[in-house]
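Asks: Once you've had a glance at the structure underneath, I'll fire off some questions.
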Protein chains: 2
Amino acid sequence: MSNTTEGLTKPMSTCADCGVRERAICQSLCDTDLDALNRIGRRQTIERGQTLQWQGDDSLLVGNVIDGVLKLSSTSTDGRDQTLGIMFASDFIGRPFGKVTDHSIVALTDAKICTFPRAAFDDFARDHPDLEHGLLQRTLTELDRTRQWMVLLGRKSATERVSAFLLEMADRLADNDNDAAPLRFALPFGRQEIGDLLGLTIETVSRQITRLREDGVIETPDRRSIVVLDRDALEACAG
Amino acid sequence: MSNTTEGLTKPMSTCADCGVRERAICQSLCDTDLDALNRIGRRQTIERGQTLQWQGDDSLLVGNVIDGVLKLSSTSTDGRDQTLGIMFASDFIGRPFGKVTDHSIVALTDAKICTFPRAAFDDFARDHPDLEHGLLQRTLTELDRTRQWMVLLGRKSATERVSAFLLEMADRLADNDNDAAPLRFALPFGRQEIGDLLGLTIETVSRQITRLREDGVIETPDRRSIVVLDRDALEACAG
DNA sequence: CGTATTTTTGAACCCTGTCAACTATCGTGG
DNA sequence: CCACGATAGTTGACAGGGTTCAAAAATACG
């Protein structure tokens, strides 16, 4: 169906044309419920580098990532930073059913998100078991992923961490229309951000990437691009 | 009410006398629903050291911890072990709504648990939104806790890790009937298990504990007991 | 009381962090 | 289009915290 109401711009975008309509938690809702949810939310764009939510702040917002990449991060009093997770399109962000969020949410790229006041969302979710079920599924998956990351942080060497990181990014970011072609992707991270993610310093990350390049495992066409030349070798490095 | 059917032992214990009845996810269920849930579950005891679920196995069981302490752990191919979480009485274990569990569940002490076949539990939960809500709350809390632990694994020194660990155990295990009295508790862990939890070797853990004792921050009456003499100092060490 | 297990202690080593300097890249304005 | 400064990334030297390997000490267990 083409959009016949073109020109009649509404204050809030409709869910119908939402890029993540079929993948975000909203997928479980019928049109009526979706409309009701839409009425308590709003779309917003945030710029790269902008902080959506500060660590320790009251949890006032939750929402869906429509486009772009965000990170969750925790900074200790002395300035050490640890990234806790990366959120992509269709992922759910924020802490429902809780007063505070003890991590920051920062945009790594320009991003589009669809946000809801937490209290209103909580109420809505309580009335819609299918939505809560979707949220539970997502939370369980995120917990699985986070636990996997703990193994990396607790037990892996710098080489293993960087290799595992590149492999995960290859899976999540590469547009592998062709299996035979070398994996190529643009990281939404600078070196420091990779370090924060892997629990390493920027220098160590840089050295590991240099070494992988010198060994012919990857290429780095520009600062943020990676081409995986030898996936097997990379997997071997990831342990 | 006293138990008037004493002697008529049923094959399955009732929920009425369950020690975690008010704290586990079952708390949201009315008597009728509780009875229905009870009918698909069973109580079992497991011995210290026993593995309830192996990493990579099909997720066939979920359940509540009634008594004792269990750990979730992940072992990489080369034998390195990382503990992913510690489960106490009233905690929920297992991976509902998913085919596999990619961590092991091991009893650190003799334990009592109340288990359900996963598929049957999943179905039951889908029909009981309040139960799913409780499960969601728990999962969100566990995710918060796990993310906090990531900071420890990614960014903290050995001293900070051991101190933070002892403080958390003090909060979870000490029977502090008296605020002024020094915190005292018995760890359900050996040194190796502490290492697996903190991403350190057994030797490093041992040295850190020795140092804390020499500095007069703690005492170690026996292998597994800890007395916190100077909580402020311990908090300072934890960063 | 002897053996197995756990914990502690010691010494050498090495990976990663730290500090510093250098290089490359990006963006801006002349 | 180039010059310039600002930002990001790389490289080198060095030190230190934690691991590794080895052995002794303490504790648990039969």
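Asks: Placing the label point 7 Å from Cα along the Cα-to-Cβ direction, what are the distances from A:ILE40 to the equivalent spots in the other copies, shortest first, in nm to one decimal?
Replies: Copy-to-copy label distances for A:ILE40: 2.9 nm.
Asks: Ok, one more. Let's see if you can work this out: charge +1 on each Lys and Arg Cβ, -1 on each Asp and Glu Cβ, no other charges. What is the dipole magnitude of the range B:111-239 about its Cα centre, in debye to the nearest 20?
Replies: 480
Asks: Hey, which of these cross-link pairs are over 20 Å Cα-Cα: A:LYS99/B:LYS71; A:LYS71/A:LYS112; A:LYS156/B:LYS156?
Replies: Where the Cα-Cα span goes over 20 Å, the pairs concerned are A:LYS99/B:LYS71.
Asks: Once Lys and Arg get +1 and Asp and Glu get -1 on their Cβ, which of B:THR159, A:GLY56, A:THR146 lies farthest toward the positive end of the dipole of the protein assembly as shown?
Replies: Highest projection toward the positive end goes to B:THR159.
Asks: Would you mind giving the average projected area, over all directions, of the Cα convex hull of the range A:125-239 in nm² with one decimal?
Replies: For the range A:125-239, the mean projected area of the Cα convex hull comes to 8.7 nm².
Asks: Counting only the heavy atoms of the protein chains, how much of A:PHE121 is accessible to a 1.4 Å probe, in Å² to the nearest 10?
Replies: 0
Asks: Angle, helix A:158-173 long axis vs. longest principal axis of chain A, Cα atoms, 0 to 90°, nearest 10?
Replies: Tilt of helix A:158-173: around 40 degrees.
Asks: How many nanometers, to one decimal and shortest first, lie between the label point of B:ASP58 and those of its other copies, if labels sit 7 Å from Cα toward Cβ?
Replies: Nearest to farthest, the other copies are at 4.9 nm.
Asks: Got a sec? Which residues in the range A:217-239 would a label at B:ASP102 touch, if it sits 7 Å along Cα→Cβ and we count backbone N under 14 Å?
Replies: A:239
Asks: Relative contact order of chain B: what whole-number percent is it, with Cα pairs under 8 angstrom and at least 6 residues apart?
Replies: About 18 percent, as a whole number.
Asks: Run the helix sum for chain A: -39,500 (n - 2.57) per DSSP H stretch of 4+ residues, divided by residue count, reported at 222 nm to the nearest 500 deg cm²/dmol.
Replies: That comes out to -12000 deg cm²/dmol.
Asks: For the charge dipole of the range B:113-239, defined by +1 on Lys and Arg C-beta atoms and -1 on Asp and Glu C-beta atoms about the Cα centroid, which residue among B:VAL227, B:ALA174, B:GLY190 has the Cα displaced farthest towards the positive pole?
Replies: Comparing the listed Cα positions along the dipole, B:GLY190 ranks first.
Asks: Let's test the formula: R0 of 60 Å, r as the Cβ-Cβ distance of A:ARG211 and B:ASP130. What FRET efficiency results, to the nearest 0.05?
Replies: With R0 = 60 Å, the Cβ-Cβ based efficiency is 0.65.
Asks: Within the range A:59-102, list the trypsin sites (Lys or Arg not before Pro) lying in a DSSP loop whose Cβ has at most 15 other Cβ atoms in a 10 Å radius.
Replies: A:ARG80, A:LYS99
Asks: Rounded to the nearest 20 Debye, what is the dipole magnitude of chain B about its Cα centre when Lys and Arg each give +1 and Asp and Glu each give -1 at the C-beta?
Replies: Using Cβ point charges on Lys, Arg, Asp and Glu, chain B gives about 520 debye.
Asks: Let me ask you something else. Share of Cα-Cα pairs in the range B:25-153 beyond 18 Å, in percent?
Replies: The share of Cα pairs beyond 18 Å in the range B:25-153 comes to 55 percent.
Asks: Would you kindly work out, in nm and rounded to one decimal, the distances from the label point of B:VAL100 to those of the same position in each other copy, ordered shortest first, with label points 7 Å along Cα-to-Cβ?
Replies: So the distances to the same position in the other copies read 3.8 nm.
Asks: From Cα pairs below 8 angstrom and at least 6 apart in sequence, can you work out the relative contact order of the range B:156-237, rounded to a whole percent?
Replies: Reported as a whole number, the value is 35 percent.
Asks: Another question about this same structure. Please compute, for peptide A:132-140, the average count of beta-carbon atoms on other protein chains lying within 10 Å of each residue's beta-carbon.
Replies: Partner Cβ neighbours, averaged per residue: 6.
Asks: Continuing with the same structure: Only Cα pairs under 8 Å and at least 6 apart count here; give the relative contact order of the range A:25-149 as a rounded whole percent.
Replies: 35
Asks: Could I ask something else about it? Tally up the carbon and sulfur contribution to the accessible surface of the protein assembly as shown as a whole percent, 1.4 Å probe, everything protein left in place.
Replies: Ligands and nucleic acids excluded, carbon and sulfur reach 47 percent.
Asks: Next up: Rounded to two decimals, what ratio of Rg to Rh does chain A give with C-alpha atoms and a Kirkwood Rh?
Replies: So for chain A, dividing Rg by the Kirkwood Rh gives 1.01.
Asks: Rounded, prolate or oblate: which one fits the protein assembly as shown, using the alpha carbon gyration tensor with axes a ≥ b ≥ c (rounded when a/c is under 1.5, else prolate when a/b beats b/c, else oblate)?
Replies: In terms of gyration-tensor shape, oblate.
Asks: Separate question: Starting from 0.36 nm per residue, how many nanometres of slack lie between A:GLN27 and A:ARG80 once their C-alpha separation is accounted for?
Replies: 15.3 nm
The values are calculated or read from the model by the stated rules, or taken from the named source; none is laboratory data. Values in this document were obtained by computation on a predicted structure and should not be read as measured data. Positions of Cβ are generated from backbone atoms using ideal geometry, with glycine treated the same way; all protein chains shown enter the neighbour counts. When the accessible area is computed, the model is the full protein with side chains, heavy atoms only, and any ligands, DNA or RNA have been set aside. Shrake-Rupley method; radii C 1.70, N 1.55, O 1.52, S 1.80 Å.
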